[in-house]
């Protein structure tokens, strides 16, 4: 599994709008072959925003690049934000919570 992590700068007073914009973009990304999930991460204090999308394999990650790039730019610009960086990672280990004992 692979991940694409994009970092954005968004005015802190527009974080709610940004989450909505990235949610709309996600509707299109969800339809791409090999998409395995994702997250929108925000810091309400300073406007730092990240998206993390998960992909089943390298081919899916690469094949999604053009569509994802367009959606990323559109979502960010719709709230006056900018794309700061985009990076790709291989998922090396999955961490899961232990169930609590009663």
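Observations on the structure shown:
- A count restricted to the range 73-88 and to residues that are surrounded by 13 or more Cβ atoms within 10 Å (Cβ to Cβ) and assigned to a strand (DSSP E or B) stands at 4.
- Selection over the range 46-68 of residues that are within 21 Å of residue 11 (Cα to Cα) and either surrounded by 15 or more Cβ atoms within 10 Å (Cβ to Cβ) or under 13 Å from the mean Cα position of the chain (by Cα) (or both) gives a count of 6.
- Residue in the range 46-64 that is assigned to a loop (DSSP other than H, G, I, E, B) and more than 23 Å from residue 2 (Cβ to Cβ) present: yes
- Only residues that are crowded, with 18+ Cβ neighbours inside 10 Å, out of contact with any helix residue (DSSP H, G or I) (no Cβ under 7 Å at 6 or more places or on another chain) and not in a helix (DSSP H, G or I) were counted across the range 2-45, and they come to 1.
- Pairs where the first residue, in the range 81-100, is on the phi > 0 side of the Ramachandran plot and the second is at pLDDT 95 or above and surrounded by fewer than 11 Cβ atoms within 10 Å (Cβ to Cβ), C-beta under 9 Å, 6+ apart: none
The values are calculated or read from the model by the stated rules, or taken from the named source; none is laboratory data. Because the structure is a prediction, the values reported are computed rather than measured. Virtual Cβ from ideal backbone geometry, glycine too; neighbours counted across all protein chains shown.
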